[in-house]
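The values are calculated or read from the model by the stated rules, or taken from the named source; none is laboratory data. The shown structure was predicted, so the numbers you read here are calculated from the model rather than taken from an experiment. Neighbour counts run over all protein chains shown; Cβ positions are idealised from the backbone, glycine included. Ligands, DNA and RNA are excluded from the accessible area calculation, which covers all protein heavy atoms including side chains. Shrake-Rupley method; radii C 1.70, N 1.55, O 1.52, S 1.80 Å.
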Amino acid sequence: MSQDVWSAVDNYICGTLIAPDEALAAALRDSEAADLPNHNVAPNQGKFLYLLSKMKNARRILEIGTLGGYSTIWLARALPAKGRLISLEVNPASAAIATANVARAGLKDVVEIRLGTALDSLKQLCEEAADPFDVIFIDADKRNNPAYLEWSLKLARGGTAIIGDNVVRDGAVTESSSADPNVIGIRSFLTMMRDDPRLEATALQTVGSKGYDGFSLAIVRD
Ligand code: DHB
Ligand code: MG
């Protein structure tokens with residue numbers, strides 16, 4: 001089994017279960033035209049994040065790492081009318097593309113994109129005493145995942161779901177002596193989730209059109 005099979009199955013799954021959607025297709029088109037990295041989640045992964053957020057009856061979602069706003073649109077669509085999604089992005093070019101993509105999807109009153117380093121924006125959210133988030137999606141520079149988890153816990157409540165993208169990295173996550181800062185970041189992120197008595201966590205490997213990777217899922221205990 002290899003990439004060709006994974007992609008064919010993802011095409012089949014997306015063709016079968018995910019309705020064509022002009023706003024999402026345009027978000028991908030404009031992200032690519034602007035040369036943003038091709039690191040958006042796959043459509044079936046986006047819908048998975050959307051369904052998880054619906055399962056949580058999420059009213060407030062925090063996304064760390066906006067990129068072109070593709071997962072932002074999926075997540076924001078899970079929110080009720082008065083819901084709120086705050087997404088943190090360090091790259092002004094990405095934030096501009098994402099802002100346009102979110103507006104075209106009709107979500108500009110629901111989504112707030114904050115420009116700046118995620119660490120600064122997370123500190124700012126805490127200083128503002130932001131209401132707790134129901135779902136937190138961590139998908140930025142993986143080396144900072146441990147710090148993102150610490151801040152996320154300050155912005156969470158009992159029951160908050162914390163989802164991490166790209167925790168498998170073609171299997172590199174098993175390399176205990178890796179010098180890759182992304183692998184080091186993910187490994188200590190997973191270890192922190194194991195050791196923190198406030199959290200219950202797991203992780204799943206995924207294959208598909210985006211290659212071989214995985215998600216982590218943690219829930220904050222009540
Ligand atoms: C990378 C980052 C991502 O968030 C992703 O989904 C895939 C790849 C990366 O930095 O390589
Ligand atoms: Mg990712």
Problem - Selection within the range 152-178 - within 20 Å of residue 221 (Cα to Cα) and in contact with a Ser or Thr (Cβ under 9 Å, 6 or more places away or on another chain) - result: 152, 153, 160, 161, 162, 163, 164
Exercise for the section: Test residue 173 against the stated conditions and say whether it is within 16 Å of ligand 1 (Cβ to nearest atom) and either in contact with a Gly (Cβ under 9 Å, 6 or more places away or on another chain) or over 27 Å from residue 10 (Cα atoms) (or both). Expected result: yes
Problem - Meets criteria (assigned to a loop (DSSP other than H, G, I, E, B) and open to solvent by less than 40 Å² (accessible area, probe 1.4 Å)) for residue 52 - result: no
Problem - Members of the range 25-41 that are aliphatic (A, V, I, L, M), in contact (Cβ under 8 Å) with a residue 60 or more places away in the chain and within 16 Å of ligand 1 (Cβ to nearest atom) - result: 27, 36, 41
Handout entry: Meets criteria (charged (D, E, K, R), within 16 Å of residue 136 (Cβ to Cβ) and away from ligand 1 (no atom under 14 Å from the Cβ)) for residue 194
Key = no
Exercise for the section: Answer yes or no as to whether residue 196 is touching a residue at least 12 places away in the same chain (Cβ under 8 Å), within 16 Å of ligand 2 (Cβ to nearest atom) and of a type in the set (D, E, K, R). Expected result: no
Exercise for the section: Mind listing just one residue for me: the one in the range 126-155 that is over 19 Å from residue 91 (Cβ atoms), more than 16 Å from ligand 1 (Cβ to nearest atom) and aliphatic (A, V, I, L, M) and, of those, surrounded by the most Cβ atoms within 10 Å (Cβ to Cβ)? Expected result: 135
Practice task
Any residue in the range 98-123 that's closer than 17 Å to residue 151 by Cβ and among the hydroxyl-bearing types (Ser, Thr, Tyr): show its pairings with residues that are open to solvent by 60 Å² or more (accessible area, probe 1.4 Å) and part of a loop (DSSP other than H, G, I, E, B) at Cβ separation under 9 Å, as long as the two are six or more apart or on different chains.
Solution key: 117/90; 121/90
Problem - Selected residue (only one of 87, 71 is of a type outside the set (D, E, K, R), touching an Asp or Glu at 6+ places or on another chain (Cβ under 9 Å), in a strand (DSSP E or B) and buried (at least 21 other Cβ atoms within 10 Å of the Cβ)) - result: 87
